[in-house]
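Only one structure is covered here, and it is reproduced in the block below.
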Amino acid sequence: MWPRIAQIALGVWLMAAPQVLGYAGATRISSLIVAPMVVSFAAVAIAEVTRPVRWANLPLGFWLMVSPWIFWPPAVGPTLNSFFSGAAVATLSLIPGTIHDAFGGGWRAVWRPNP
Amino acid sequence: MSRSDIPPGWSYNPAAWGQRLPIVGLALLGFGIATYLALYQYGVVASMWEPFFGEGSRIILTSTVSHFLERHTGLPLTDAALGAFGYLLDAVAGVVGGRKRWRTMPWIVIVFGVLVGPLGAFSILLVILQPFMFHAWCTLCLATAVISIAMIGPTMDEVLASLQHMRRVVVRGGSWWRAFWGLGGEA
């Protein structure tokens, strides 16, 4: 559960970051679109049955890492913040966490049943 | 709870009341908050509780997006009114049926999942639009988004159990359509 909580914290920080660090333009818009999605995917992935949703945050983390080099914000702070926050989001989505319950073969069983 | 209530290969019954009532509780909380937001938009409530973002709630709740349907179709529906209706449908779909409904009424389980999913996606969209279009945040609007997102994961286990059940019926030569409506052969 903690990797998801950490991603939610990073997402909330990225929602506040444009205001706190004082940046605007394309980097701000990118943060404000991606951050609520990171929070949402992480929150959905807390439940064991929807844990695979954690993978959705892997490309979003990569995007946060590379996007400052596409948009070139005027200050170095927003660039480093986006890069390291994105690296953390991407790394955390690789951690599966513990699964206590059994789900009869999971989502795969809907296509390949295992009765 | 009898053993037959638990889906094959599962460690628990996702349609048990202990699993469903917390989701229904969240839906009712969302309904309450969305109703309050809608009453403000219709002018029934004069002021809006906003502890963090100053004028944020007023800006968001009177924005062009919040009255989108009203402006484009003439229907007197604000986004919060639609949200309140959505939460009410969620609560009803969460309550209907017994502890075996994952196999006796897959249709209501799947309607439940379909209602909870888009409401969540719609909430994320509205959250993204707040700072992006209006440079403002609305505390209670964010609270409803948190509620919508929190409902998705806990709802999907039941949906999965119903989908697996329908698949098993098909593999045994049965009709998924009849299984969907909870008709016919129980094995």
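Okay, here's what the table says:
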quantity: Between segment A:33-80 and segment B:63-125, the alpha-carbon center distance in angstrom; calculated: 27
quantity: B:Leu77/B:Trp177 FRET efficiency (R0 35 Å; Cβ-Cβ; nearest 0.05); calculated: 0.55
quantity: Net charge, B:Phe134 excluded, C-beta distance under 15 Å - Lys, Arg +1, Asp, Glu -1; calculated: -1
quantity: Only Lys, Arg (+1) and Asp, Glu (-1) charged, at Cβ; the protein assembly as shown dipole about Cα centre in debye; calculated: 980
quantity: Positive-end residue, segment B:30-187 charge dipole about Cα centroid, Cβ charges, pick of B:Ile59, B:Thr155, B:Val44; calculated: B:Thr155
quantity: Residue mean of other protein chain beta carbons inside 10 Å, B:159-167; calculated: 5
quantity: Neighbour-count order for B:Leu88, B:Leu142, fewest beta carbons within 10 angstrom listed first; calculated: B:Leu88, B:Leu142
quantity: Cα-projected label distance for B:Ala143 with B:Leu125, points at 7 Å along beta-carbon direction, nm; calculated: 2.5
quantity: Prolate/oblate/rounded call for the protein assembly as shown, Cα gyration tensor, a/c under 1.5 rounded; calculated: oblate
quantity: Kirkwood hydrodynamic radius of chain B, from inverse mean 1/r over distinct Cα pairs, in Å; calculated: 18.0
quantity: Stretchable slack from A:Val110 to A:Met1, in nm (0.36 nm times residue separation minus alpha-carbon distance); calculated: 36.7 nm
quantity: Phi-based couplings in Hz for segment B:10-16 (Karplus 6.51, -1.76, 1.60; Gly and Pro marked x); calculated: 9, 9, 7, 9, x, 9, 4
quantity: Inter-label distance, nm, simple model (7 Å from Cα along the C-beta direction), B:Leu29/B:Trp107; calculated: 3.2
quantity: Within 10 Å of each Cβ in B:136-148, the average number of Cβ atoms from other chains; calculated: 1
quantity: Segment A:Ala102-A:Phe83, length gained on full extension (0.36 nm per residue, minus Cα span); calculated: 3.2 nm
quantity: Backbone HN-Hα couplings from phi across segment B:135-144 [Karplus 6.51/-1.76/1.60, Hz, Gly and Pro as x]; calculated: 6, 8, 10, 10, 4, 6, 5, 5, 4, 5
quantity: Other protein chain Cβ atoms within 10 Å, averaged over every residue that makes up A:42-48; calculated: 5
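FYI, it's all coordinate maths here, none of it is from the lab. Everything numeric in this text was worked out from a predicted model, so none of it was measured. Here Cβ is always computed from backbone atoms with ideal geometry, including for glycine, and neighbour counts include all displayed protein chains.
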